[in-house]
1. Could you list, in sequence order, the residues of region 146-155 that are open to solvent by 10 Å² or more (accessible area, probe 1.4 Å) and in contact with a Phe, Trp or Tyr (Cβ under 8 Å, 6 or more places away or on another chain)?
2. Against the condition under 15 Å from the mean Cα position of the chain (by Cα) and at pLDDT 95 or above, how does residue 146 come out, does it pass?
3. Looking at (1) surrounded by fewer than 19 Cβ atoms within 10 Å (Cβ to Cβ); (2) at negative phi, which is the one condition that is false for residue 143?
4. Of all residues being open to solvent by 70 Å² or more (accessible area, probe 1.4 Å) and of a type in the set (Phe, Trp, Tyr) in region 102-140, which is farthest from the chain's Cα centre (by Cα)? Just the residue, please.
5. Go through the residues of region 96-113 one by one and say whether even a single one is part of a strand (DSSP E or B), touching a Leu at 6+ places or on another chain (Cβ under 7 Å), modelled with pLDDT under 95 and more than 21 Å from residue 77 (Cα to Cα).
6. Considering only residues that are open to solvent by 80 Å² or more (accessible area, probe 1.4 Å) and either without any contact (Cβ under 8 Å) to a residue 12 or more places away in the chain or out of contact with any Gly (no Cβ under 8 Å at 6 or more places or on another chain) (or both), look in region 57-86 and name the one that is farthest from residue 29 (Cα to Cα).
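The values are calculated or read from the model by the stated rules, or taken from the named source; none is laboratory data. Please read all numbers here as calculations on a predicted model, not as lab measurements. Note: ideal-geometry Cβ built from the backbone for every residue, glycine included; neighbour counts use all protein chains shown. Ligands, DNA and RNA are excluded from the accessible area calculation, which covers all protein heavy atoms including side chains. Shrake-Rupley method; radii C 1.70, N 1.55, O 1.52, S 1.80 Å.
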Amino acid sequence: MILQLIGVNLVFAQNNVEGFYTGIGTGLNITANSNLIKTYGAAQDVHGVSNMGNLTAYSLPIFIDGGYRFNPYLSAEFSYSYSGNQQYTGPVGVNGDNALFWGSQNMFGISALGYLPLTTNFYLKGRLGLAYAMATMTTYIGDPGTKMMTSEIGAGLQYFMSQHLSLDFDYINYGLLMPMQLNYKPPVGGAPNLGVIDTINNNQLFVSLTVHY
């Protein structure tokens with residue numbers, strides 16, 4: 001039994017699972033919009049409002065993380081993700097055409113990660129934390145947006161390709177437990193505030209390369 005435990009420790013030691021790490025990756029961002037209200041008009045004045053309902057849009061995100069692995073089972077991590085631009089088509093606008101507008105989200109997160117070794121090189125992982133969200137829509141009357149704290153939850157796999165290098169697969173959700181709401185911001189001298197125009201949450205799928213120091 002002692003030799004077996006020593007053997008397990010040696011197996012863990014061959015991968016640098018304790019200490020600082022940094023990573024960068026990309027994948028697929030899925031932004032779910034609930035009860036989206038689109039305003040339209042001329043010269044930044046709202047002439048009408050259309051309820052667009054629930055929309056889903058996709059974009060190419062980036063993901064940067066860094067953290068400290070206390071042991072094979074637990075780490076604390078800071079992360080930044082940029083969703084990339086999602087494209088939407090709105091109701092008829094100023095020029096009589098379907099107006100295009102864009103949405104994007106920046107997330108600054110801090111989370112605790114737990115790991116479960118599946119083999120000597122594979123780990124199942126889960127995360128729970130908070131993120132500071134900066135979300136916006138542009139080329140949209142009033143450019144609505146939000147800055148708020150939201151939830152960060154996720155799961156993934158980690159594969160050690162060498163002692164100091166791993167390939168990480170992550171699913172991260174922002175907003176499921178603490179929804180993000182975009183607020184309409186009228187221009188100076190423009191239309192009155194319409195309040196919440198959308199509730200969003202992000203589902204992001206990442207593959208990233210991580211260096212373990």
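1. Those that are open to solvent by 10 Å² or more (accessible area, probe 1.4 Å) and in contact with a Phe, Trp or Tyr (Cβ under 8 Å, 6 or more places away or on another chain): 147, 148, 149, 154, 155.
2. Numbers: under 15 Å from the mean Cα position of the chain (by Cα): yes; at pLDDT 95 or above: no.
No.
3. (2)
4. That would be 122.
5. no
6. Checking each candidate, the answer is 70.
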